[in-house]
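Student: Structure in structure tokens, see below.
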Amino acid sequence: MISVVVPLYNEEESLTELFDRLESVMAELGEEYELIFIDDGSVDKSLLILRDLYEKSSHVKVLSLRRNYGKSAALSVGFKEAKGDIVITIDADLQDDPAELPVLIKKIEDGADLVSGWKRDRQDPWTKRVPSKFFNSVTSLMSGLRLHDFNCGLKAYRAEVVKSISVYGELHRFIPVLAGWEGFRVEETQVRHFKRKYGRSKYGGERFLNGFFDLVTVMFITRRALKPLHFFGRIAFVLFVVGLIPQIMFLFQYLGGAGLRVRPIMLAGFVLIIVSLQIGSIGLLAELFSARSGQEPSYTLKQHLARDSQQSPGGSELAR
Ligand code: UDP
Ligand code: MG
């Protein structure tokens with residue numbers, strides 16, 4: 001069985017066309033499938049349209065978040081709901097091509113755990129393409145995962161992957177990194193990309209700054225990559241030793257009979273020692289926090305339309 005997960009926020013114009021195209025692609029594949037739409041607190045007619053689709057097709061499930069929690073939360077709800085052995089995510093704005101699904105599925109069947117789309121010829125304004133390129137190179141460098149496009153909406157996963165990673169905050173940009181660090185086989189495949197036909201992008205170039213902070217977070221929370229105390233501790237250790245050397249030198253000079261005098265190098269050494277203690281204790285605090293921090297996403301559901309599944313906590317069945 002294949003689950004298609006569609007996170008959406010105010011995408012009323014695209015939904016019907018997207019649904020039609022997904023249905024025809026999936027029908028052609030001939031496998032069992034479900035289309036899970038996660039309305040991320042839309043304030044346009046998206047939810048009404050989704051209700052219609054739910055009435056129209058038995059493949060459709062609809063989950064609606066009580067407010068706009070962001071794409072990560074929407075995906076994580078979808079991942080929880082998905083019953084398929086293969087889970088596919090696709091943006092709702094028709095910028096991704098549903099016709100690519102069979103290619104992604106084939107790659108999973110051939111042994112990949114996660115196949116990520118690469119929007120090689122990205123149809124977005126340069127204000128988005130340029131920072132995105134930069135973001136992708138830094139993420140690739142820092143994470144050691146050689147991908148060109150980490151944040152493509154179009155991805156396919158073996159079910160184990162979505163069940164074992166936790167996507168919250170803004171971490172959807174780093175799903176391949178999280179999966180890669182869990183030891184899953186991550187591959188990339190070029191996909192076609194289209195200009196946004198309707199509505200507006202929910203993300204601008206300014207979000208990329210946050211993306212970099214998130215990268216640091218990701219490096220730390222996946223503790224295997226960077227343990228805070230190891231990271232800060234190393235810096236602190238080096239500074240401490242460098243700061244201590246002149247003090248020892250001057251101590252010996254003093255013991256050898258030299259006069260007492262304050263010297264610039266001595267002051268610099270003291271500064272380094274103090275800073276090293278601060279950095280070291282930040283590392284210790286970060287270590288304690290990262291050991292305790294819950295990584296469970298939190299959200300509440302407004303509506304949950306599904307024929308087969310249990311009601312999720314916080315969800316409510318559609319009143320008909
Ligand atoms: N999206 C969402 N919640 C949000 C923002 C975006 O579910 O808070 C959905 C959006 O509806 C779309 C996908 O995430 O289906 C990608 O968003 P968008 O197209 O705005 O990003 P871009 O393609 O411009 O990077
Ligand atoms: Mg888009």
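Bear in mind that the values in this text are calculations on the coordinates, not laboratory data. All values derive from a computational prediction rather than experimental measurement. Positions of Cβ are backbone-derived with ideal geometry, glycine not excepted, and every protein chain shown enters the neighbour counts.
Student: Using the Karplus equation 6.51 cos²θ - 1.76 cosθ + 1.60 (θ = phi - 60°), what ³J(HN,Hα) coupling, rounded to whole Hz, does each residue of segment 53-62 give in order, writing x for Gly and Pro?
Tutor: So the J values, rounded to whole Hz, are 4, 4, 5, 7, 10, 7, 7, 8, 10, 10.
Student: Stretch Ser281-Lys106 to full length: gain in nm at 0.36 nm per residue minus the Cα-Cα span?
Tutor: Contour length minus Cα-Cα distance gives 58.0 nm.
Student: With n ≥ 4 as the cut-off for DSSP H runs, can you work out [θ] at 222 nm for the chain, using -39500 (n - 2.57) per run divided by the number of residues, rounded to the nearest 500?
Tutor: Calculated mean residue ellipticity at 222 nm is -15000 deg cm²/dmol.
Student: Please compute the Kirkwood hydrodynamic radius over the chain, one decimal place, Å, based on all pairs of different Cα atoms.
Tutor: It is 22.0 Å.
Student: Here's another thing I want to ask about it. Extension gain Ala99-Met142, at 0.36 nm per residue separation less the Cα-Cα distance, in nm?
Tutor: Result: 12.2 nm gained on full extension.
Student: Which value, in debye to the nearest 20, gives the size of the charge dipole of the chain about its Cα centre, when Lys and Arg are +1 and Asp and Glu are -1 at the Cβ?
Tutor: Around 1560 debye, computed over the chain.
Student: By the gyration tensor of its Cα atoms, with a ≥ b ≥ c the square roots of the eigenvalues, what is the shape of segment 56-183: rounded for a/c under 1.5, prolate for a/b over b/c, or oblate?
Tutor: rounded
Student: Still on this model: Ordered by residue, what ³J(HN,Hα) values in Hz, to whole numbers, does segment 29-43 give under the Karplus form 6.51 cos²θ - 1.76 cosθ + 1.60, where θ = phi - 60° and Gly and Pro are x?
Tutor: With coefficients 6.51, -1.76 and 1.60, one gets 5, x, 9, 5, 7, 9, 10, 9, 9, 10, 7, 8, x, 4, 10 Hz.
Student: Pairs to check: Lys61/Lys195; Lys83/Lys128; Lys83/Lys133; Lys45/Lys106; Lys195/Lys227; Lys56/Lys128. Give those whose C-alpha atoms are more than 31 Å from each other in this structure.
Tutor: Lys83/Lys128; Lys83/Lys133; Lys45/Lys106; Lys195/Lys227; Lys56/Lys128
Student: Let me ask something else about it. Which log10 I(q)/I(0) values does segment 151-269 give at q = 0.13, 0.15, 0.19 Å⁻¹ under the Debye formula, counting every alpha carbon as one identical point scatterer?
Tutor: So the normalised log intensities are -0.72, -0.85, -1.12.
Student: Still on this model: Long-range amide H contacts for Glu11: which residues qualify at under 5 Å (H placed 1.01 Å from N, peptide plane, sequence gap of 5 or more or a different chain)?
Tutor: Ser46
Student: Could you tell me whether segment 163-221 comes out rounded, prolate or oblate from its Cα gyration tensor? Rule is a ≥ b ≥ c as square roots of the eigenvalues, rounded for a/c under 1.5, then prolate if a/b exceeds b/c, otherwise oblate.
Tutor: oblate
Student: I would also like to ask the following. Aspartates and glutamates near Lys302 by alpha-carbon distance under 13 Å, same-chain residues fewer than 8 away left out - which ones?
Tutor: Asp39, Asp40, Glu317
Student: A further question follows. With both partners inside segment 99-218, how many of the DSSP beta bridges are antiparallel, as a percent to the nearest 5?
Tutor: Close to 40 percent.
Student: Ok, one more. Would you please report the Å³ per residue occupied by the convex hull of the alpha carbon atoms in segment 22-70?
Tutor: Looking at segment 22-70, the number lands at 83 Å³ per residue.
Student: Please report the antiparallel percentage of the DSSP beta bridges confined to segment 18-171, to the nearest 5.
Tutor: Expressed as a percentage, antiparallel bridges in segment 18-171 total about 60.
Student: In addition: Give the residue from Ser166, Gly30, Leu305 lying farthest towards the positive end of the charge dipole for the chain; charges sit on Cβ (+1 for Lys and Arg, -1 for Asp and Glu) and the dipole is referred to the Cα centre.
Tutor: Ser166
Student: Using a 10 angstrom cutoff on alpha carbons, build the Gaussian network for the chain and name the most mobile of Leu178, Leu251, Leu53.
Tutor: Maximum fluctuation in the GNM of the chain, among the listed residues, is at Leu251.
Student: Full extension from Lys163 to Ser58: what is 0.36 nm times the residue separation minus their Cα-Cα distance, to one decimal in nm?
Tutor: 35.4 nm
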